[in-house]
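Values quoted throughout were computed directly from the atomic coordinates according to the rules given, and no laboratory measurement underlies them. The shown structure was predicted, so the numbers you read here are calculated from the model rather than taken from an experiment. Cβ sites come from the backbone with ideal geometry, for glycine too, and all protein chains shown count toward neighbours.
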Amino acid sequence: MEKAITRFAPSPTGYIHIGNVRSAIYPYLVAKQTGGKMILRIEDTDRARYVEGATELIEDTLKWLGMNWDEGPEVGGEHEPYFQTERQDHYIAWAKKLIAAGRAYADPTTPEQIEEYRAKCNAEKVPFLYRNFRPENTPEWEIGIPLRFKAEPKEYSWHDEVMGDMHTGPEVLDDIILIKKDGLPTYNFAHIIDDEEMGVTHIMRGVEYLSSMPNYLAIYEALGLNHPKFVSLPHILAPQGNKKLGKRDGAKSVVEYRDDGVLPEAMLNYLACLGWNDGTEQEIYTKDELIEKFSIDKIQTSGARYDEVKLLWMNGQWIRRIADEQGIDALYERTTGFWPGVDASDDYKKRVLAIIYDRLKVLSDLRTMTGYFFADPKVDMSMILENKFLKKFAPAELKELLEKSIAKLSATEWNADALQNALNELLAETDKKPAELFSLIRLSLSFAPFSPALNLTLEVLGKDISLKRLQAVVDNI
RNA sequence: GGUCUCGUAGUAUAACGGUUAGUACAUCGGGUUUUCAUCCCGACAACGCGGGUUCGACUCCCGCCGAGAUCACCA
């Protein structure tokens, strides 16, 4: 397979969110699959929207997902620099070729005048095409005057790797701005130059660029360049409505999910499979499997709705997969920072993790689900007295049951199997149903709405603490 | 409005002229000695509409309807 050079070219205007990481994932997978390279290029030509720190945020996001770029900021590469604002001389050099060929002109028209043209067209209900208002006398171009492309209206046909064969009429060609008044190029021009100079083979970007394609094709043509393959990626849709998911719809940043305890494996897996599948019924893919199985021709043509519930389900699958395949120690390493703010040994926390991990959807669930393993819970008798299995018993009877339990457990060897045997015997001796006896003991130990299997909870809590907590309830009845 | 794109259950998808239209999430029901979860079993639920082509259309063609993208000195 030919080595693909792909790129992720974000604009540093803020964080990377769920709706736009995928346009980094697919290029990454294609580059890795073919033994090529993924370039990270920062498209920072819009200085008004530039956000301090956004580049670092973008880099953090990619690193967290395990997608290291082969060329770009930090790592360098043979096509430096990778910030567009540092490549101004490149754009100007290419622009001069267009000027020399008579395919670009300096446009002295004021924004007010342009606005007038536009209003006139709107009033007459005809499409606004700047080329119909091309100024007759244009000055020599210099920085400070916008440079426009001189369009030659014609039909274009091209192939999009996702959308198929495309065709448009001449009416979409226009004199687009190549270089702005501030001397920096527009996206429309800059990306073509950079992709050419950097040897990009696949331009993978959102479908919103599809309607600009003829204008790009015209520029490639005027410059005498062959264009890369075009891969239009359908949008990820917001949970409500049919619009593409954006920050206004509350699209959370990717690192926010990291901070909630979503695993990068799950995020990558979910996003890669939103709008792509390999034709089998496989749902869980490792990064390596994605690299191996990804194929551009199986990318969907329609938008896919973002479903956080499924992401979280997948995260649960990944939590279990890591624990089951790599062991609790491996999962434990991922849990740093997600425990309740208490001091406890790594060993103890691992034992807690081992009995609770199959209930986690996100790692931060540890904070809310494990409190009673680290501190005595607040005794709340209403939880016991109003419990659906326990409310039929008189408090005195509950007290007696607990006392019998304490006596039985005190004489038991403290390991999971022995504890289970003791609990079973207790069931027989007291002639109670599991739902009754176990609920009572469980609530007395945890005062939590749910907890792991009773014998395991007892084992991890330890004999002293367990008996002490049961006694505390007896004292409160 | 012009141009372009898209249209299978609530959601993500499979099917590439012939299937009881498959799978997963969600939902509902059941099972695994308590709870919550895992795991297992089951149920509900879809080819936007109308014409063609064909022995036979989710699959091909046309029209309609619906949804979206884009028409910036933003990317």
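Remark on residue A:37: its backbone amide H falls under 5 Å from those of A:4, A:5, A:6, a criterion applied only to residues 5 or more positions apart or on other chains, H modelled at 1.01 Å from N. Using 30 Å as the Cα-Cα cut-off, could you pick out the over-long pairs in A:32/A:310; A:244/A:293; A:349/A:391? With Cα atoms farther than 30 Å apart: A:349/A:391.
Partners of residue A:125 within straight-line reach, counting aspartates and glutamates whose Cα lies under 18 Å from its Cα and excluding those fewer than 8 residues away in the same chain: A:115, A:116, A:171, A:174.
Test of the criteria: in the stretch A:281-381, which GluC sites (Glu not before Pro) are in a DSSP loop and have at most 16 other Cβ atoms within 10 angstrom of their Cβ?
Loop-located and lightly packed - A:281, A:283.
When the Cα gyration tensor is reduced to axis lengths a ≥ b ≥ c, the ratio a/c is 1.5 or higher for the stretch A:218-328, and with a/b above b/c it is classed as prolate. Loop-resident GluC sites (Glu not before Pro) (DSSP state other than H, G, I, E or B) in the stretch A:364-465 with no more than 15 further Cβ atoms inside 10 Å of their Cβ: A:386, A:413.
All other residues whose Cβ lies under 15 angstrom from that of residue A:155 are scored, Lys and Arg at +1 and Asp and Glu at -1, for a net of -4.
Considering only A:157, A:184, A:169, the residue lying farthest towards the positive end of the dipole of the stretch A:153-203 is A:184, judged by Cα position with unit charges set on Cβ. Between the amide H of residue A:160 and those of A:165, A:166, distances stay under 5 Å, these residues lying 5 or more places away or on another chain, with hydrogens modeled in the peptide plane.
With a/c under 1.5 counting as rounded, go ahead and sort the stretch A:271-354 into rounded, prolate or oblate using the C-alpha gyration tensor (a ≥ b ≥ c being the square roots of the eigenvalues; past the cut-off, prolate if a/b is larger than b/c, else oblate).
Prolate, since a/c reaches 1.5 and a/b exceeds b/c.
Projecting the Cα atoms of A:30, A:48, A:11 onto the dipole axis of the stretch A:1-72, where Lys and Arg carry +1 and Asp and Glu carry -1 at the beta carbon, places A:30 farthest toward the positive end.
Give the separation of the Cα centroids, the stretch A:148-191 to the stretch A:231-270, in Å. What the calculation gives is 29 Å, centre to centre.
What number comes out for the charge environment of residue A:2, summing +1 per Lys or Arg and -1 per Asp or Glu over other residues with Cβ under 13 Å away? Summing Lys and Arg as +1 and Asp and Glu as -1 gives +3. In chain A, excluding the sites themselves, the longest stretch lacking any of the trypsin sites (Lys or Arg not before Pro) that are in a DSSP loop with at most 13 other Cβ atoms within 10 Å is A:244-377. Within the P(r) computed for the stretch A:327-374, what percentage of the Cα pairs occupies the region above 12 Å? Counting every Cα pair in the stretch A:327-374, those more than 12 Å apart make up 57 percent. Between the alpha-carbon centres of the stretch A:1-53 and the stretch A:309-342 there is a gap of 28 Å. Dipole magnitude for the stretch A:327-374: computed about the Cα centre from +1 point charges on Lys and Arg Cβ and -1 point charges on Asp and Glu Cβ, it is near 180 debye.
Between the helical axis of A:187-197 and the longest alpha-carbon principal axis of chain A there is an angle of about 90 degrees. Couplings 3J(HN,Hα) of the stretch A:270-287, computed from phi: 4, 5, 4, 8, 8, x, 8, 7, 8, x, 9, 9, 5, 10, 9, 10, 7, 4 Hz, in residue order, whole Hz [Karplus 6.51 cos²θ - 1.76 cosθ + 1.60, θ = phi - 60°; x for Gly and Pro].
When the P(r) of the stretch A:144-258 is calculated, the portion above 19 Å amounts to 57% of the C-alpha pairs. With 18 Å as the limit on Cα-Cα distance, the pairs of A:97/A:229; A:37/A:63; A:96/A:180; A:399/A:468 that go past it are A:97/A:229. This ranking places A:440, A:147 by how few other beta-carbon atoms lie within 10 Å of each, fewest first, which gives A:440, A:147. The distance linking the stretch A:428-477 with the stretch A:354-382 is 15 Å (Cα centroid to Cα centroid, whole angstrom).
Taking amide hydrogens as placed 1.01 Å from N in the peptide plane, the amide H of residue A:237 sits under 5 Å from those of A:245, A:304, A:305, A:306, each at least 5 positions away in sequence or on another chain. Only lysines eight or more places from residue A:392 in sequence, or on another chain, were considered; those with a Cα closer than 24 Å are A:378, A:404, A:408, A:432, A:433.
Maximal additional length on extending the residue A:63-residue A:392 stretch stands at 112.8 nm, based on 0.36 nm per residue less the C-alpha distance. Between 0 and 90 degrees, the angle of helix A:416-430 with respect to the longest Cα principal axis of chain A falls at about 50 degrees.
For chain A, the Cβ-based charge dipole about the Cα centre amounts to some 1180 debye (Lys, Arg positive; Asp, Glu negative; other atoms uncharged).
Remark on the stretch A:397-473: hydrodynamic radius 12.1 angstrom, per the Kirkwood mean of 1/r across alpha carbon pairs. Per the Debye calculation on chain A with a single equal scatterer at every Cα and no solvent contribution, log₁₀ I(q)/I(0) for q = 0.09, 0.10, 0.13 Å⁻¹ amounts to -0.74, -0.84, -1.18. In chain A, the longest principal axis of the Cα atoms and the axis of helix A:88-100 are about 30 degrees apart. So which GluC sites (Glu not before Pro) in the stretch A:139-215 pass both tests, a DSSP loop state and at most 14 other Cβ atoms within 10 Å of the Cβ? Listed in order of number, the matching sites are A:140, A:142, A:155. Summed over qualifying helices (DSSP H, 4 residues or more, each -39500 (n - 2.57)) and divided by its residue number, chain A shows a 222 nm mean residue ellipticity of -13500 deg cm²/dmol.
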